[in-house]
Amino acid sequence: MLDLSIDALPGRYDRQERITWWNQDRLRRASVLVVGAGALVNEVLKNLALLGVGQIHVIDCDTVERSNLARCVLFRDADNGLPKAEVAARATKALNGDVDVVASVGNVMHLGLGSLVPYDLVICGLDSREARLWVNQACRKLAKTWIDGAIEGLRGLVRVFPPFGACYECTLGEADRRILANRRSCSLLTPEEMEAGKVPTTATTASVVAGVEVQEAIKILCGREDLVALNNRALVITGETLETYIVSYTEDESCLAHDTYDSLGVCVYDDNETLADLVLRAEGGTERRHAVAELEDDIVRSAVCNECGYVDAKPRRVALLGAGDALCPECRLPLRFELGRAFTLAEAASLVLSEDVLPNQGVVTVRSDASRHHYVASRGTV
Ligand SMILES: [Zn+2]
Ligand SMILES: [Zn+2]
């Protein structure tokens with residue numbers, strides 16, 4: 001007799017599960033952070049949802065514009081002006097109710113590094129070099145793989161950066177490094193500069209590049225890292241001629257981004273506590289007189305105007321500075337900033353841990369003599 005029960009019908013993922021190395025259960029349990037919510041990420045999210053990747057978190061700070069509609073499968077006319085991450089998450093969830101999709105509206109570079117701990121993998125669809133650098137350093141420290149995609153016109157690039165071998169920073173040329181070093185020391189990139197250089201792209205290029213990004217991701221999430229073709233390599237696709245080739249990156253032994261945490265503890269802290277309170281609690285209360293506490297980001301310790309004598313001694317993360325913050329509020333001349341991220345315990349005793357100084361889930365490193373300990377600082381009730 002013909003079995004007409006629902007269990008007898010092929011399952012939702014039947015066709016992909018016929019691939020011999022496929023592991024749908026691992027995909028269901030997988031957790032992926034997706035950075036950006038533009039043309040590439042629309043395609044990335046669509047693919048992840050169709051394939052049944054269980055937990056997806058998308059972060060982006062932009063809103064939907066009319067010019068996005070020609071490239072973004074998840075956006076509709078009615079979404080104009082709404083946050084891209086939220087619109088994309090809702091539409092992704094509608095594609096497959098099996099998957100959990102969470103949206104964050106914000107800049108990935110403002111996240112505490114510890115926020116990335118829960119994810120198996122990070123997939124990017126960014127057009128900002130600064131954000132790529134941030135993701136690269138964060139993933140390397142946490143020993144996570146990240147996948148980068150880039151599109152321009154009919155050309156595309158996909159590359160996988162595992163926590164070993166050449167990283168994104170290793171791929172940068174001398175000129176790139178000079179620009180970045182310059183920006184890092186003043187780090188006053190305006191939102192306009194970040195937005196600059198909107199490149200021509202099409203839905204087809206986004207679709208091809210995102211397809212390869214997710215295909216590599218699936219191998220990793222299924223536990224088949226041995227199948228990954230693009231570890232420390234880039235697939236370059238030229239849409240006009242359909243010429244494709246692979247570039248292998250060489251590890252730069254002197255690259256400053258190759259710092260991986262050997263261990264990562266957790267420390268809860270209250271509002272209004274100081275960095276010294278946190279260090280002493282994290283280290284079990286033992287007084288370490290020579291300890292130095294280091295934050296993830298450079299902190300503006302003071303901003304001084306040489307012209308009129310204006311002084312702002314309120315500490316702030318450099319990442320939070322806006323375009324106008326570079327100028328003296330009194331005489332509009334450029335301020336001189338004193339930056340630093342390492343504090344002695346005496347200095348740390350007067351540094352209150354507001355959001356301006358340490359993001360929730362930010363990492364604090366305590367160095368003393370020969371030891372180095374890292375803690376995810378979690379804002380809560382002690
Ligand atoms: Zn590197
Ligand atoms: Zn001034």
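Counting just the residues of the stretch 305-322 that are among the basic types (Lys, Arg) and part of a strand (DSSP E or B), which one comes out surrounded by the fewest Cβ atoms within 10 Å (Cβ to Cβ)?
316
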- Report yes if some residue within the stretch 194-216 is modelled with pLDDT under 95, part of a helix (DSSP H, G or I) and within 30 Å of residue 339 (Cβ to Cβ); otherwise report no. yes
- Please give the number of the condition residue 381 fails out of (1) at pLDDT 90 or above; (2) in contact with a strand residue (DSSP E or B) (Cβ under 8 Å, 6 or more places away or on another chain). (1)
- Query: Which residue, of 234, 217, is crowded, with 17+ Cβ neighbours inside 10 Å and farther than 17 Å from residue 47 by Cβ?
  - Reply: 234
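From the list 120, 79, 100, which residue is within 14 Å of the chain's Cα centre (by Cα), over 15 Å from residue 36 (Cα atoms) and away from ligand 1 (no atom under 16 Å from the Cβ)?
Within the list 120, 79, 100, the selection yields 120.
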- Message: Suppose the filter is within 16 Å of ligand 2 (Cβ to nearest atom) and not in a helix (DSSP H, G or I); does residue 251 pass it?
- Response: no
- Item | Within the stretch 25-54, tally of residues that are within 16 Å of the chain's Cα centre (by Cα) and over 11 Å from residue 99 (Cβ atoms) | 9
- Message: Is it the case, given these coordinates, that residue 34 is outside any loop (DSSP other than H, G, I, E, B), of a type in the set (A, V, I, L, M), out of contact with any Phe, Trp or Tyr (no Cβ under 7 Å at 6 or more places or on another chain) and at pLDDT 95 or above?
- Response: yes
- Task: Output the qualifying pairs, or none if there are none: Cβ atoms under 7 angstrom, residues six or more apart or on different chains, first residue in the stretch 149-173 and farther than 14 Å from residue 230 by Cα and touching a residue at least 40 places away in the same chain (Cβ under 8 Å), second residue assigned to a strand (DSSP E or B) and near ligand 1 (Cβ under 10 Å from one of its atoms).
- Result: none
- Matching entry among 256, 221 (being in contact (Cβ under 8 Å) with a residue 12 or more places away in the chain, among the aliphatic types (A, V, I, L, M) and away from ligand 1 (no atom under 16 Å from the Cβ)): 221
- Test: residue 240 is of a type in the set (D, E, K, R) and in the same structural domain as residue 169 (by TED's automatic domain parsing): yes
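Report whether or not residue 228 is within 16 Å of ligand 1 (Cβ to nearest atom) and at pLDDT 95 or above.
no
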- Message: Quick check on this structure: which one of 271, 298, 325 is part of a strand (DSSP E or B) and touching a residue at least 60 places away in the same chain (Cβ under 8 Å)?
- Response: 298
- Query: Got at least one residue in the stretch 349-362 being surrounded by 13 or more Cβ atoms within 10 Å (Cβ to Cβ), touching a Lys or Arg at 6+ places or on another chain (Cβ under 6 Å), assigned to a strand (DSSP E or B) and not charged (D, E, K, R)?
  - Reply: no
- Item | Subset of the stretch 301-356 [charged (D, E, K, R) and over 25 Å from the mean Cα position of the chain (by Cα)] | 301, 307, 312, 314, 330, 332, 336, 338, 347
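The values are calculated or read from the model by the stated rules, or taken from the named source; none is laboratory data. This is a predicted model, so every value here is computed, not measured. Backbone-built Cβ (ideal geometry, glycine too); neighbour counts: all protein chains shown.
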